[in-house]
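Worksheet: the structure to be examined is printed underneath.
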Amino acid sequence: MSSQPIPVLPSVAKAYALLIAHWPRFVMAGLPFTLAYSIQLWLVQKALAAPLDGYWLTLDATVMIAATVGSLAFSAMCFRLAVRDEYGGQLGLQLSGDEWRFFLVALLNAALVLIVALLAAMFAFVVFTTIAGGAVEGAGIDPETAGFDLPMAMSYMGTADWVAAFAVNMVAFLLVAWLVARLSLSFPATFTEKRVRVLSVWTLSEGQAWRILGAMALAGLPLIGVEVALYEALCLALDHRPLLTPVSVGDVMVTEGVFARIPEYLRIAGLFSIVNLPVMAGLYAQFYRARS
């Protein structure tokens, strides 16, 4: 184990260099997943108009399986190339031990992150509802008597209330982000050693979480920004938001605001996995090289 800190800017530069050097391979390998995921998103929009049945239900199940398998194969291809500089199989895609190990590591990491995220979200939600309720009471209204729900209560929140709510949610977000950063080296470690590695490589990221998060932000935010800008331009041209789905907030279904936009933009990130995944795989590989 190296005691050297993770170099942020060089790691980001090398991650993008990997994408530029092998972009034709990444595009071809990512096409099956992108196609399946696109059909899946189209079926979600179709289901909003009318429940899927018969043939459409079969198609939905088929593309869900295809998208899952395609995602695993493409992710493994990216890490194989980034970590071991290996490229083999049809379009670089395989169903080998790498894919199954990646699946197990992703599953274990997701379980750990989900547990912490749920606890953090519960805490943040309780605090947020308390702040919103306090804002309603500050206006001289009894929330229980008036029958207020959360969206209505939010309209009474002032600047100080929103600042406090933002601070609490940011703390919850940073806690989850810190855990994601600490677990990030499990992926390249698993591909390097060809064995499942999760908590056994925990020490490799010790004291490096904020550097890792900084590098991830520098590598990922510009990509997400460009992708969102392209999507918003498309929405403007179509006068329609093709990936929007209503989100439940309390007893109300909303289609505007941050609660609706976040899942919408996450779908965009998924559509651009051909670019996003190689960059992240290259970045994680650089983290591991710097610390191992």
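From the list L91, L118, L112, L57, the lone residue that is in contact with a Leu (Cβ under 9 Å, 6 or more places away or on another chain), more than 16 Å from I274 (Cβ to Cβ) and either among the hydrophobic types (A, V, I, L, M, F, W, C) or free of Cβ contacts under 8 Å to residues at least 12 places away in the same chain (or both) is L112.
The residue list E227, E256 contains one member that is of a type in the set (D, E) and open to solvent by 20 Å² or more (accessible area, probe 1.4 Å), which is E256. Considering the range 40-75, and only residues there that are among the polar types (S, T, N, Q) and surrounded by fewer than 16 Cβ atoms within 10 Å (Cβ to Cβ), the residue that is farthest from the chain's Cα centre (by Cα) turns out to be T58.
Is it fair to say A233 is open to solvent by 30 Å² or more (accessible area, probe 1.4 Å), assigned to a helix (DSSP H, G or I) and among the hydrophobic types (A, V, I, L, M, F, W, C)?
Numbers: open to solvent by 30 Å² or more (accessible area, probe 1.4 Å): yes; assigned to a helix (DSSP H, G or I): yes; among the hydrophobic types (A, V, I, L, M, F, W, C): yes.
Answer is yes for this residue.
If you filter the range 219-259 down to residues that are within 21 Å of the chain's Cα centre (by Cα) and of a type in the set (D, E), you find that the one that is nearest to A132 (Cα to Cα) is E256.
The test for being within 17 Å of the chain's Cα centre (by Cα) and modelled with pLDDT of 95 or more does not hold for P263.
Mind listing whichever residues of the range 259-288 are over 20 Å from S38 (Cα atoms) and either open to solvent by less than 50 Å² (accessible area, probe 1.4 Å) or touching a residue at least 60 places away in the same chain (Cβ under 8 Å) (or both)? If you could, list the steps in order and put the result at the bottom.
Within the range 259-288, the first condition is being over 20 Å from S38 (Cα atoms), and the residues that meet it are 259, 279-288.
Residues satisfying the conditions are V279, M280, A281, G282, L283, Y284, A285, Q286, F287, Y288.
Looking for whichever is of a type in the set (A, V, I, L, M, F, W, C), more than 21 Å from A269 (Cβ to Cβ), assigned to a helix (DSSP H, G or I) and out of contact with any Pro (no Cβ under 7 Å at 6 or more places or on another chain) here; the options are A47, A73, A66. Which one fits? The conditions single out A47. Considering the range 76-116, the residues that are assigned to a loop (DSSP other than H, G, I, E, B) and of a type outside the set (D, E) include one that is least open to solvent (accessible area, probe 1.4 Å), namely G92.
Go through F191, F187, F166 for me and flag whichever is without any contact (Cβ under 8 Å) to a residue 12 or more places away in the chain and part of a helix (DSSP H, G or I). Steps first, answer last, please.
Details: F191 fails: without any contact (Cβ under 8 Å) to a residue 12 or more places away in the chain; F187 fails: without any contact (Cβ under 8 Å) to a residue 12 or more places away in the chain.
From the options F191, F187, F166, the qualifying one is F166.
The lone criterion from (1) without any contact (Cβ under 8 Å) to a residue 40 or more places away in the chain; (2) under 23 Å from W178 (Cα atoms) left unmet by A47 is number (2).
In the range 208-221, which residues are open to solvent by less than 70 Å² (accessible area, probe 1.4 Å) and either among the small types (G, A, S) or in a helix (DSSP H, G or I) (or both)?
Narrowing the range 208-221 to residues open to solvent by less than 70 Å² (accessible area, probe 1.4 Å): 208-209, 212-217, 219-220.
The answer is A209, I212, L213, G214, A215, M216, A217, A219, G220.
The values are calculated or read from the model by the stated rules, or taken from the named source; none is laboratory data. None of the values given here were measured: they were computed from a predicted structure. Note that each Cβ is placed from the backbone with ideal geometry, even for glycine, and that neighbours are counted across all protein chains shown. These area figures cover heavy atoms from the full protein model, side chains too; ligands, DNA and RNA do not enter into them. Shrake-Rupley method; radii C 1.70, N 1.55, O 1.52, S 1.80 Å.
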